[in-house]
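K.L.:
Pasting in a structure now, in structure tokens, and then I'll have a few things to ask.
The values are calculated or read from the model by the stated rules, or taken from the named source; none is laboratory data. If you're wondering where the values come from, they're calculated on a predicted model, not measured in any experiment. Using ideal geometry, Cβ is built from the backbone for each residue, glycine included, and neighbour counts are taken over all protein chains shown. We work out accessible area using only protein heavy atoms, side chains counted, and drop any ligands, DNA or RNA first. Shrake-Rupley method; radii C 1.70, N 1.55, O 1.52, S 1.80 Å.
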Amino acid sequence: MQPPASDRPTACLALADGTIFYGIGFGATGQTVAELCFNTAMTGYQEIMTDPSYAGQIVTFTFPHVGNVGVNPEDDETADPVAEGMIVKWMPTDPSNWRSVQHLDAWLRARDRIALGGVDTRRLTRAIRQSGAPHVALSHNPEGVFDVEALLASARKFSGLEGLDLAKEVTCAQSYRWNEMRWAWPDGYAPQTAPKHKVVAIDYGAKRNILRCLASAGCDVTVLPATATYDDVMAHDPDGVFLSNGPGDPAATGAYAVPMIQQVLNETELPVFGICLGHQMLALALGAQTIKMNHGHHGANHPVKDHDTGKVEITSMNHGFAVDAQTLPGGVVETHTSLFDGSNCGIRMEGRPVWSVQHHPEASPGPQDSYYLFERFARAMAERVA
């Protein structure tokens, strides 16, 4: 017997192992299927939802106050939310922030993204940590009626992210120029009017703030699609090549990305810098391998050790795959490791201005301990042409 309509939950989350969570739905109505992860960041829910690296995933937010600062178009990392949905402990309150222009609920509804509130996110996070990122089906029905068996079947039918090339789904359709710099009070985003370095950025799912950081470091940025060839890159006569973040299985994206990167490495002396999926692409191009993690790293409080300096940086991370440090070939040095689990977080080629990191030095909002990497990239380009 169904409970009275006023008492019924309006959203249901079904895990492939048979676990069911009920709560209150907000945002769009309907159903979606995805991999479930959790993010421990205390701020930046809008940036997280619009980060292309979350394609194919629903995000559980461990911080309970989600939605209280509303949303605004300046904080989007791409045009629309890419994460499939969101799960929170407490329902969003009315926004209280001078930059807010819209309620989170209305923003999600307008962009066809489902959300679930009123859930024990601590229990859900423990389940993800213990058993790995599950395949799930999320449904929001204002009538509170759910076909649980059908939801479970959908979750179990989901193929998962392994072997999935999602970069092609989130990359740009054509090349474009970028000159907007990082946000600064009181002017907001100012244009870069005196760039010193021509950079080609390969878009595997690039966050806007990465491009802003490149522009702020003095770069004239041309963004190319994920499928760009060596000839496409060199047609712009770049001083350096940047490999962006992105979603999905790096081995699948590497089928077309790795040959281009290898040709850049073999036929030029250009500085190359990669972040997140770009880090994994560079590692594959150099002969290493990647592996699927149990539940990945998603948050803004991840300590990473820089082996070159001995310093520990607090970083922002978002990845479900990692470079297997045991497979790094000769001539490639591990530069950074996670102090949470010892996983690889950075590499560089010996004797070449070629390096990459797994974490996000552009994090906004979030820690900026690693921002120096953009300045290092700019110096490498300046030294090459000096």
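K.L.:
Determine the per residue accessible area of region 73-118 with all protein chains present and a 1.4 angstrom probe, expressed in square angstrom.
P.N.:
48 Å²
K.L.:
Over the Cα atoms of region 317-386, what radius of gyration and what Dmax do you get, in Å?
P.N.:
13.4, 41
K.L.:
In Å and on Cα atoms, what radius of gyration and Dmax does region 234-300 show?
P.N.:
Computed over the Cα atoms of region 234-300, radius of gyration and Dmax are 12.8, 41 Å.
K.L.:
How long are the semi-axes of the equivalent ellipsoid of region 23-124, taking √(5λ) for every eigenvalue λ of the Cα gyration tensor, in whole Å from largest down?
P.N.:
Square roots of five times the eigenvalues give 18, 16, 13 Å.
K.L.:
Here's another thing I want to ask about it. Using Cα atoms only, what is the angle between the long axis of helix 250-267 and the major principal axis of the chain, expressed in degrees (0 to 90) to the nearest 10?
P.N.:
10 degrees
K.L.:
Could you work out the local net charge near Cys345, counting Lys and Arg as +1, Asp and Glu as -1, over the other residues with Cβ closer than 14 Å to its Cβ?
P.N.:
Net local charge, Cys345 excluded: -4.
K.L.:
Still on this structure, please answer the following. Return the carbon/sulfur percentage of the accessible area of the chain, one whole number, probe 1.4 Å, all protein chains in place.
P.N.:
Reported share for carbon and sulfur atoms: 48 percent.
K.L.:
With θ taken as phi - 60° and the coefficients 6.51, -1.76 and 1.60, list the Karplus ³J(HN,Hα) couplings across region 362-377 in order, rounded to whole Hz; mark glycine and proline as x.
P.N.:
These are the phi-based 3J(HN,Hα) values: 8, 2, 8, x, x, x, 10, 4, 9, 4, 3, 5, 5, 5, 5, 4 Hz.
K.L.:
How long are the three semi-axes of the equivalent ellipsoid of the chain, in whole Å, if each is the root of 5 times an eigenvalue of the C-alpha gyration tensor, listed from largest down?
P.N.:
37, 23, 18
K.L.:
Note down the nm distance, to one decimal, between modelled labels 7 Å out along Cα→Cβ at Glu169 and at Thr29.
P.N.:
2.5 nm
K.L.:
Assigning unit charges at the beta carbon (Lys, Arg +1; Asp, Glu -1) and nothing else, what dipole magnitude in debye, to the nearest 20, does the chain show about its Cα centre?
P.N.:
In debye, rounded to 20, the chain gives about 540.
K.L.:
Starting from 0.36 nm per residue, how many nanometres of slack lie between Val385 and Ala106 once their C-alpha separation is accounted for?
P.N.:
Extending this stretch completely gives an extra 95.4 nm.
K.L.:
Moving on. Could you tell me which residue out of Gly246, Tyr230, Pro259 lies farthest along the dipole of region 205-263 toward its positive end? Charges go on the beta carbon: Lys and Arg +1, Asp and Glu -1, centred on the Cα centre.
P.N.:
Gly246
K.L.:
Here is a further query. Determine the sum of side-chain charges near Asn318: Lys and Arg each +1, Asp and Glu each -1, restricted to other residues whose C-beta is under 14 angstrom from that of Asn318.
P.N.:
Here the charged neighbours net out to -4.
K.L.:
A further question on this structure: Rounded, prolate or oblate: pick one for region 177-241, where a ≥ b ≥ c are the square roots of the eigenvalues of its C-alpha gyration tensor, a/c under 1.5 means rounded, and failing that, prolate if a/b is larger than b/c, else oblate.
P.N.:
In terms of gyration-tensor shape, oblate.
K.L.:
Still on this structure: Are there GluC sites (Glu not before Pro) in region 127-165 that DSSP puts in a loop and that have at most 15 other Cβ atoms within 10 Å, and which ones?
P.N.:
Glu143, Glu162
K.L.:
So what's the angle, to the nearest 10 degrees on a 0 to 90 scale, between helix 148-157 and the longest Cα principal axis of the chain?
P.N.:
Tilt of helix 148-157: around 20 degrees.
K.L.:
Within the set of other residues whose C-beta is less than 13 Å from the C-beta of Trp183, count the net charge using Lys and Arg as +1 and Asp and Glu as -1.
P.N.:
-4
K.L.:
For region 193-206, take each phi angle, set θ = phi - 60°, evaluate the Karplus expression 6.51 cos²θ - 1.76 cosθ + 1.60, and give the result in whole Hz per residue in order, putting x for glycine and proline.
P.N.:
Whole-Hz 3J(HN,Hα) from phi for region 193-206: 9, 9, x, 10, 10, 8, 10, 9, 9, 8, 8, 8, x, 5.
K.L.:
As an exercise, identify the GluC sites (Glu not before Pro) in region 263-367 lying in DSSP coil whose Cβ has no more than 13 other Cβ atoms within 10 Å.
P.N.:
Filter output for region 263-367: Glu269, Glu350.
K.L.:
Assign one of three labels to region 61-179, namely rounded, prolate or oblate, based on the Cα gyration tensor with a ≥ b ≥ c the square roots of its eigenvalues; rounded applies when a/c is under 1.5, prolate when it is not and a/b is larger than b/c, and oblate otherwise.
P.N.:
Verdict is oblate for region 61-179.
K.L.:
Please list 3J(HN,Hα) in residue order for region 138-145, calculated via the Karplus relation 6.51 cos²θ - 1.76 cosθ + 1.60 where θ = phi - 60°; whole Hz, with x for glycine and proline.
P.N.:
With coefficients 6.51, -1.76 and 1.60, one gets 10, 10, 10, 9, x, 7, x, 10 Hz.
K.L.:
Here's a follow-up. Taking region 213-367, how much of its Cα-Cα pair set, in percent, is spaced more than 29 angstrom apart?
P.N.:
12 percent
K.L.:
Can you give the relative contact order of the chain as a percent, counting alpha carbon pairs under 8 Å and 6+ residues apart?
P.N.:
Across the chain, relative contact order equals 15 percent.
K.L.:
Continuing with the same structure: Counting each DSSP H run of 4 or more residues in the chain as -39500 (n - 2.57), what helix-only mean residue ellipticity at 222 nm follows after dividing by all residues, to the nearest 500 deg cm²/dmol?
P.N.:
It lands at -7000 deg cm²/dmol.
K.L.:
Turning to a different aspect of this structure: Check Phe38: other-chain or 5+ apart residues with amide H under 5 Å from its amide H, H built from backbone geometry?
P.N.:
It is Thr60, by chain and number.
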